[in-house]
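First comes the structure, then the notes that go with it.
The values are calculated or read from the model by the stated rules, or taken from the named source; none is laboratory data. A quick note: this is a predicted structure, and the numbers were derived from the prediction, not measured. Neighbour counts are summed over all protein chains in view; Cβ atoms, including those assigned to glycine, are modelled from backbone coordinates with ideal geometry.
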Amino acid sequence: MQISLIAGFVPFLLSFAVIILSNVLKFNSEIKSAQKYPLLRSFVQLVIFYITASMENAEILDNECLIALNSFLVLLSAILLYCSFAVQAAAFVILLIKSEKSGDPQSVTLSSLPKPLSYQYRSPVSVFRENNSDKRTYLQRLKVIIIPAVTFTFMYFIYGVYETYFANMSEWKFIFMDILPPSLMILAILILLSCGAAYFIKGKNLDFIAMILTALCVISYIQNAFLNVSTFINGAQENASNTVTIINLLLWLGIIVLIPYIIYCCCNKSMKNILRICSAATGLLLIMQGSALSYMMINGLSEKQSREKTGYTLSGAEQYEVSSNENVIVFIMDTYYSGFFDEWLENHPEYYDTLSDFIYFDDVNSEVLHTAFSMPSLLTAHEHDYTISLVESGKNCWESDEANFFYSSMHDDGYAVRLYTDSDKYSGGAENMLGKIDNVCKYTAVYTSKKIPTYFSLARLSAYKFLPLSLKNVFYVTDSYLVNQYTTSDSATANIDLSDWEQSPQSSKSRGIDYYNFDYYSSLTKGLSTTDKKLCIFQHIHGMHTPYISVHSNSLEPRADIDMNAAQEGCMEILTNYISQLKEIGVYDNSTIILTADHGMPSIDIASPIMLVKPQGRTNDHLVINSAPGNLQTDLLPTILDSIGLEHEPLEYSLMEIDENMQRERTLRIFGYSSDFPAAPKCEGVGSAEYNSYDEYKYTGRYSETDFSGIEPTKYPITDYWW
């Protein structure tokens, strides 16, 4: 959003006009010389506004936290500019009225202004020194500040941190004892600082700080209890309109600054009672939050806590092993749109000979266009259930009759079935694959937390809950950021290195699985090994997913010299190198080889996935193109069974038996948005609120010839999402 710089210059110029008028009306020298202070203050605010607004318009910041902080400074400096003008205008009007009454502008002094208005004409240093005298003893001053200071510290650094931890303890690997010592240390340090402040800061300055802390505690409590836009779950970002954000910040400024300022300046006679009210109000908040925290701790700590986690995962120990007998090799290359391959064939006609034994099915439909929805379905031939959560649906896929039939058929025929992918969660969860996928293994990991970074991450989440909407994203902490605060070790499973289990973006590497094109190609060129048992291998790799990556550059960063063509060249190098090694080993003829994708591109007009199939024993002089109307999620497994001569009738069609002229109704679902549906909740804290519906298109005929703009989609709410 572009910000008009005029919005900042208008209040500054108006303030400057007020100063000129003050000089024109011949007020006394005291008033004229004092104009420099509001002018300087407005100028500083204008400079901050100009710099931050220019940075926002130029979009030169790339860190989300800095962007959010910059936006907050733009908003705050603009509000302060208008507030400064309003205060100056009010002071000017009062001086003008008093001069009219007296008939002599020279007789009007700054002392005739109310104190809230007169302080703007004085140096902050002189105001501080004047108000820093006190006849009270140190203990009396400590009584003024200690309860508001302890309440503020407890709210932000203890209560908010612990509440966040206990609300999400099942999701995180660290335990309560990891954050207890740092929290007690921070509490002690801040209380000592409060005691020091009571020694050096005195008089009205100390009283003012006590009132500011009280106001902060009250508005923070109100914000967390009533004003947060969305429910806070594990760092869910706030989504508020600009108007609501501005009103929210004005409310904060009003409570934090104006109310204590007015009380401070106008209620000297009852200051003692006011301070008692501050202590009572903050003390009540302390008791309320302390009681709530005690209840949470009793319930939370009653559960056994352990840094040890046991579960199931996929092992990559035998990723580059093939059978010396029979193989089914299925490459699932992420986001590989068939149109990419059409262009590749046009530019590289030699691949008609290189892939001469393959059949290219150029009209395959993908029902869904995201890995977490597609992988469980294409690996089980069971349709995803959009009415339940992703986790439940993935489990149902693996427990389905279709999955039981396929994997029983493969195992009964002597095949071991292996799956290699970057995250078993995206494929339905390794624990649900037991008995079907043979490289599922059990692991035991011991998590070691970086205590202080972990604590401060939770403190940021605490501040996120309590602070105004305009500051939320400054303190936003992602799940991955929290994950980076702990490490794992001590695997009880052979061939799994847990040293970087959660930290590396290439998390599959910790299980010995190569997922990224360059990792896979590098290991592949070292050679394939063989085993006597028959193998069915599902190999899911990065493929054509963005950022485009090369097999010759070990980098995930987007680069100008690595485009779609370089990525596709790498995919072809992987396939052809694999084929060459199978031929050298002498098992190419007895191998079924399939190159497909988990889905096409996430857009309705480029959604068809690639599908190349070489059935076992097939030889041919030239690549054959077949336009049978296929469906990726339902047809992959029966095609595998058909290619090795096994019965597949309980499943849907094998691609090799579908007539090219068949009028088959197919379904395509893309992400959409509907104002009639609620925001889709995150699945295990991963996702974005950009979409909340599935737009379902049903069509008959060739995909590339279908005009989807003429089809009215049926919209379904997304139960949860994982992208």
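Observations, loosely collected:
- With respect to the conditions (1) in the same structural domain as Met333 (by TED's automatic domain parsing); (2) charged (D, E, K, R); (3) free of Cβ contacts under 8 Å to residues at least 60 places away in the same chain, Arg418 falls short on a single one, namely (3).
- Sub-7 Å Cβ pairs linking a first residue in segment 108-133 that is over 17 Å from Cys83 (Cβ atoms) and in contact (Cβ under 8 Å) with a residue 12 or more places away in the chain to a second residue that is assigned to a loop (DSSP other than H, G, I, E, B) and of a type in the set (Val, Ile, Thr), at least 6 apart or interchain, are Asn132/Ile201, ordered by first then second residue.
- Of the residues making up segment 336-368, just one is crowded, with 22+ Cβ neighbours inside 10 Å, within 21 Å of Ser550 (Cα to Cα) and polar (S, T, N, Q), namely Ser338.
- Counting the residues of segment 413-440 that are part of a loop (DSSP other than H, G, I, E, B) and either among the acidic types (Asp, Glu) or within 27 Å of Asp642 (Cβ to Cβ) (or both) gives 11.
- Screening Asp676 with (1) part of a loop (DSSP other than H, G, I, E, B); (2) within 30 Å of Asp589 (Cβ to Cβ) gives one miss only, at (2).
- When Asp532 is tested against (1) more than 30 Å from Tyr697 (Cα to Cα); (2) without any contact (Cβ under 8 Å) to a residue 24 or more places away in the chain; (3) surrounded by fewer than 16 Cβ atoms within 10 Å (Cβ to Cβ); (4) not hydroxyl-bearing (Ser, Thr, Tyr), exactly one condition is not met: (2).
- Against the conditions (1) under 16 Å from Val108 (Cβ atoms); (2) touching a residue at least 12 places away in the same chain (Cβ under 8 Å); (3) surrounded by fewer than 18 Cβ atoms within 10 Å (Cβ to Cβ), Ala7 satisfies every one except (1).
- Beta carbons closer than 7 Å, at least 6 apart along the sequence or on distinct chains, pair a first residue in segment 218-246 that is within 23 Å of Ile79 (Cα to Cα) with a second that is surrounded by 14 or more Cβ atoms within 10 Å (Cβ to Cβ) and at pLDDT below 55 for Asn228/Glu238; Val229/Glu238.
- Any hit, segment 538-560, residues being at pLDDT 85 or above, surrounded by fewer than 22 Cβ atoms within 10 Å (Cβ to Cβ) and among the hydrophobic types (A, V, I, L, M, F, W, C): no
- Single unsatisfied condition, Thr444 versus (1) part of a loop (DSSP other than H, G, I, E, B); (2) under 33 Å from the mean Cα position of the chain (by Cα); (3) surrounded by fewer than 23 Cβ atoms within 10 Å (Cβ to Cβ): (1)
- Leading residue by the ranking (nearest to Ala607 (Cα to Cα)) among those in segment 400-415 that are crowded, with 17+ Cβ neighbours inside 10 Å and of a type outside the set (A, V, I, L, M, F, W, C): Glu402
- For segment 369-399, a residue qualifies if it is surrounded by fewer than 17 Cβ atoms within 10 Å (Cβ to Cβ), out of contact with any strand residue (DSSP E or B) (no Cβ under 9 Å at 6 or more places or on another chain) and outside any helix (DSSP H, G or I), and the qualifying residues are Asp385, Ile388, Glu399.
- Residue ID - surrounded by the most Cβ atoms within 10 Å (Cβ to Cβ), chosen from residues in segment 21-31 that are part of a helix (DSSP H, G or I) and more than 54 Å from the chain's Cα centre (by Cα): Glu30
- Segment 22-59, residues that are free of Cβ contacts under 8 Å to residues at least 12 places away in the same chain and either closer than 20 Å to Ile79 by Cα or not assigned by TED's automatic domain parsing to the domain that holds Ser111 (or both): Leu40, Val44, Val47, Ile51
- Boolean, Leu193 is at pLDDT 90 or above, over 30 Å from Ala445 (Cα atoms) and out of contact with any His (no Cβ under 9 Å at 6 or more places or on another chain): yes
- Subset of segment 619-653 that is assigned to a loop (DSSP other than H, G, I, E, B) and touching a strand residue (DSSP E or B) at 6+ places or on another chain (Cβ under 8 Å) - its residue that is surrounded by the fewest Cβ atoms within 10 Å (Cβ to Cβ): Ser627
- Residue within segment 654-671 that is part of a loop (DSSP other than H, G, I, E, B), within 34 Å of the chain's Cα centre (by Cα) and outside the structural domain of Gly394 (by TED's automatic domain parsing) present: no
- Single residue of segment 164-223 satisfying the filter (under 28 Å from the mean Cα position of the chain (by Cα), of a type in the set (Ser, Thr, Tyr) and over 19 Å from Lys450 (Cα atoms)) that is surrounded by the most Cβ atoms within 10 Å (Cβ to Cβ): Ser220
- In segment 517-540, the count of residues that are touching a Gly at 6+ places or on another chain (Cβ under 6 Å), over 18 Å from Val328 (Cα atoms) and among the basic types (Lys, Arg) is zero.
- Check on Leu469, farther than 30 Å from Met410 by Cα and modelled with pLDDT of 80 or more: yes
- Among residues of segment 149-190 being part of a helix (DSSP H, G or I) and polar (S, T, N, Q), the one that is modelled with the lowest pLDDT is Asn168.
- Meets criteria (within 19 Å of Tyr336 (Cα to Cα), in contact (Cβ under 8 Å) with a residue 60 or more places away in the chain and assigned by TED's automatic domain parsing to the domain that holds Asn365) for Leu637: yes
- Note on segment 286-368: enclosed strands (runs of 3 or more DSSP E) holding 3 or more residues that are closer than 29 Å to Asp438 by Cα and at pLDDT below 95 are 308-314.
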